[in-house]
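So the structure is just underneath, and the comments pick up after that.
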Amino acid sequence: MTRLDMDVSEDIQAILKELIDRKQKLDRYKRLKVGFAWAAACLFLFFSYSFYNEVLVPSQNNMITVLASFGNNKLLFFMLLGLISSYYMMNYFTTQYDKQKAKYDLLRAEMIDYFMFPRSSSKYAAMREAISRQLKEKHDINISFKN
C-alpha cells in the first residue's frame, strides 16, 4: 500500500508507508528467527541421535575412540557445523528482530499520538477510523490503541 484510498496529507502518507515497511521488515525477521530456531532444533536432535549411535555406542566410553570416531565421521562434523551456524543465525535474527520491534513500536506510538490528538471536526475522527480499519485489515497494524 503506497497510497491510502482517502485524501490525507503527504506527510501522513510518508509516515504510513514507513510504518508499513517497518511492519513488513519486522515480520520477515520474525519468520527468519523462527525458521533458524526450527533448523537448529532439528539439527540438534538429528546430531544427538547420530552421535549416540555412530560414536558413543561403538566406542564403549573410551575417550580416544570417541574422538577418533567423531573425527572420521564427516557427516557428524558438518551437522555440528550446521548446528552452530543455525544457532548463531537465529541469535542474529533475534537481535535484529528486537531492534526492528523497538523502531516499529516507536513509530506506531507516534502515529497513535498523532491520531488521538483532539480535533474539533468529526471528519478527522471518521478519517482516523477509516485509516485504522484499512491498516488493520491489510497489514495487521493496530493504530487504535497503545499496548
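Bear in mind these aren't lab numbers, they're just calculated from the coordinates by the rules spelled out. All of these numbers come straight from a predicted model, not from anything done at the bench. When we count neighbours, we look across all protein chains shown, and the Cβ atoms used for this are built from the backbone with ideal geometry, even at glycine.
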Item to complete: Would you please give the FRET efficiency between residue 110 and residue 38, computed as 1/(1 + (r/R0)^6) with r the Cβ-Cβ distance and R0 = 41 Å, to the nearest 0.05?
Response: 0.75
Fill in: Rough spin-label spacing in nm, given labels placed 7 Å along Cα→Cβ, for residue 49 and residue 65
2.4
Discussion item. To make sure I understand the rule: partners must be lysines, Cα under 21 Å from the Cα of residue 136, and not fewer than 8 residues away in the same chain. Which ones qualify?
Written reply: 17, 23, 25, 30, 101, 103, 123, 146
Discussion item. Can you tell me the length gained on complete extension of the stretch residue 10 to residue 146, counting 0.36 nm per residue apart and subtracting the Cα distance?
Written reply: 46.6 nm
Practice prompt. Give a quick list of trypsin sites (Lys or Arg not before Pro) in region 91-147 that DSSP marks as loop, anything other than H, G, I, E or B, with at most 11 other Cβ atoms within 10 Å.
Written response: 146
Worksheet item: Where the only charges are on Cβ atoms (+1 Lys, Arg; -1 Asp, Glu), what is the dipole of region 23-139 about its Cα centre, to the nearest 20 debye?
Response: 740
Worksheet item: Which ordering of 50, 86 is given by a fewest-first count of other beta-carbon atoms within 10 Å?
Response: 50, 86
Worksheet, complete the sentence: Checking 40, 126, 109 against a Gaussian network model of the chain (alpha-carbon springs below 10 Å), the top fluctuating residue turns out to be 126
Worksheet item: What are the aspartates and glutamates whose alpha-carbon lies under 18 Å from the alpha-carbon of residue 74, with same-chain residues fewer than 8 places away excluded?
Response: 54
Discussion item. Taking the beta-carbon count within 10 Å as an exposure proxy, list 54, 10, 129 from fewest neighbours to most.
Written reply: 10, 129, 54
